[in-house]
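The values are calculated or read from the model by the stated rules, or taken from the named source; none is laboratory data. What you see is a predicted model, and the numbers here were worked out from it, not measured in a lab. All Cβ positions, glycine included, derive from the backbone under ideal geometry; neighbour counts span all protein chains shown. Keep in mind that these areas ignore ligands, DNA and RNA; they rest on the heavy atoms of the full protein, side chains included. Shrake-Rupley method; radii C 1.70, N 1.55, O 1.52, S 1.80 Å.
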Amino acid sequence: MDFELLPRDLQAYRGGNTGIPYVHRFESGKPGPHLLVNALTHGNEFCGMVAATHLLDREVRPKAGTLTVSFGNVEAYESFDPGDPFKSRLLVHNLNRIWSKAWLEGSENSPELRRARELRPVVAAADHILDLHSTAQPVEPFWVYPARDNNSKAALAIGVPSIHLVMPEGMSTGTPLIAHGRHGEADFHGVGLVAECGQHFARASGELAVEVTLRFLAHFGLVDADPSWAPPPPPRRFELLSISVVKTPEAKFSRPVIGMESFAGGELIATDAGEEIRAPAGGCTIFMPARQPIPGRELVYLTKPLP
């Protein structure tokens, strides 16, 4: 495997300025929204680290409103081993599925739950959230967000990435960071977006994460737009139909897939525990097929194209 993008030492960013490790906040003193840019929700998704350190190293400051920059699962990030580069995604829990009241106020404990509880006030304080991610496979970058008008309008206006995965019923496998608290309420004015910026270890994913972040800040008026940005391509939007969860380690796809393959209605996509997973409709496009089937984790996202 080629590693164009590898971790860097983040100790210089640990202190932050909020009393919460790895959280930095900058207030302009002028009216405007509070934006949160979050990196490393998963420990081996380095593109967000590139974007967050870009903002901090270059002393990007908001000309209006407030900017918060946070690093999420640093403990998992620090466990990265090039010999097993996917293991450091998490240590115990998926930090992007435990943002419900039940998890955060429950009795269970783990590095991810401790970090989510630390970050809870940071996430709750933000009007608009950009959570930076990457993918195990080299697929085109894409947005993921709940199907609220404010999310769709913001993602379309920002323009990059041009592919949108829209979740009409949220995420059946847990509560992601962008749906925590008031961000999970249908009538909340704020925006919550995940940007999947490319393959984990590709240099291009870090470069795109920086661009998406600056476009996000510019959209909400915290920085000026860069005149060199190319016009985005026409959007392609997909609606999430269902998420299949791995039941057995023997789960397998009917053919080699990396994501964004299309299947005809009724076509076999995968089998697991003697059950068949078939395309529920014509033109079914799959997102994020599991690289390795691990029981209890997500196997594949099934979607249909939107107009």
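Assorted remarks:
- Region 140-268 - Rg (one decimal) and Dmax (whole number), Cα, Å: 16.5, 51
- Heavy-atom surface analysis with a 1.4 Å probe gives the chain a carbon and sulfur content of 51 percent of its accessible area.
- Between ASN109 and LEU91, the contour length at 0.36 nm per residue exceeds the Cα-Cα span by 5.3 nm.
- When region 109-167 is described by a simple charge dipole with +1 on each Lys and Arg Cβ and -1 on each Asp and Glu Cβ, the residue from THR135, ALA124, ALA155 located farthest towards its positive end is ALA124.
- GluC sites (Glu not before Pro) within region 167-246: DSSP coil, no more than 11 neighbouring Cβ in 10 Å: GLU169, GLU185
- For region 1-123, share of DSSP beta bridges that run antiparallel, in % to the nearest 5: 45
- Relative to the Cα centre, the charge distribution of region 3-147, modelled as +1 at Lys and Arg Cβ and -1 at Asp and Glu Cβ, gives a dipole magnitude of about 480 debye.
- 222 nm mean residue ellipticity, helices alone, for the chain (DSSP H n ≥ 4; -39,500 (n - 2.57); rounded to 500): -6000 deg cm²/dmol
- Residues LEU241 and LEU56, FRET efficiency given R0 of 22 Å [Cβ-Cβ distance, rounded to 0.05]: 0.05
- Region 116-127 - phi-based ³J(HN,Hα) in whole Hz, Karplus 6.51/-1.76/1.60, Gly and Pro as x: 4, 5, 5, 7, 3, x, 5, 5, 5, 6, 7, 7
- Each part gets one Cα centre, and for region 140-209 versus region 81-131 those centres are 17 Å apart.
- Under the convention that each Lys and Arg Cβ holds +1 and each Asp and Glu Cβ holds -1, the size of the dipole of region 11-90 around its Cα centre is about 400 debye.
- Tail beyond 12 Å, pair distance distribution of region 164-205 (Cα, percent): 68
- Look at the dipole of the chain built from charges on Cβ: of PRO249, LEU302, ALA290, the Cα furthest out on the positive end belongs to LEU302.
- Excluding ligands, DNA and RNA, the accessible surface per residue across the chain is 43 Å² with a 1.4 Å probe.
- Region 171-278: trypsin sites (Lys or Arg not before Pro) in DSSP loop, at most 15 other beta carbons within 10 Å: LYS247
- Pairs of Lys residues in the chain are counted when their Cα atoms are under 22 angstrom apart and they lie 8 or more places apart or on different chains; the count is 5.
- FRET efficiency for the pair ARG120 and GLU169, taken as 1/(1 + (r/R0)^6) with r the Cβ-Cβ distance and R0 = 22 Å, rounds to 0.40.
- Region 27-151: Cα Rg divided by the 2.2 N^0.38 Å rule of thumb: 1.12
- Ordered by solvent-accessible area of protein heavy atoms (1.4 Å probe), largest first, the residues VAL23, VAL245 come out as VAL245, VAL23.
- Value of D in µm² per second that Stokes-Einstein yields for the chain, Kirkwood Rh from Cα pairs, at 37 °C (0.692 mPa s): 167
- Each Lys and Arg Cβ is given +1 and each Asp and Glu Cβ -1; about its Cα centre, the chain then shows a dipole of about 420 debye.
- Extension gain, MET1 to GLU27: 0.36 nm times the residue separation minus the Cα-Cα distance gives 5.2 nm.
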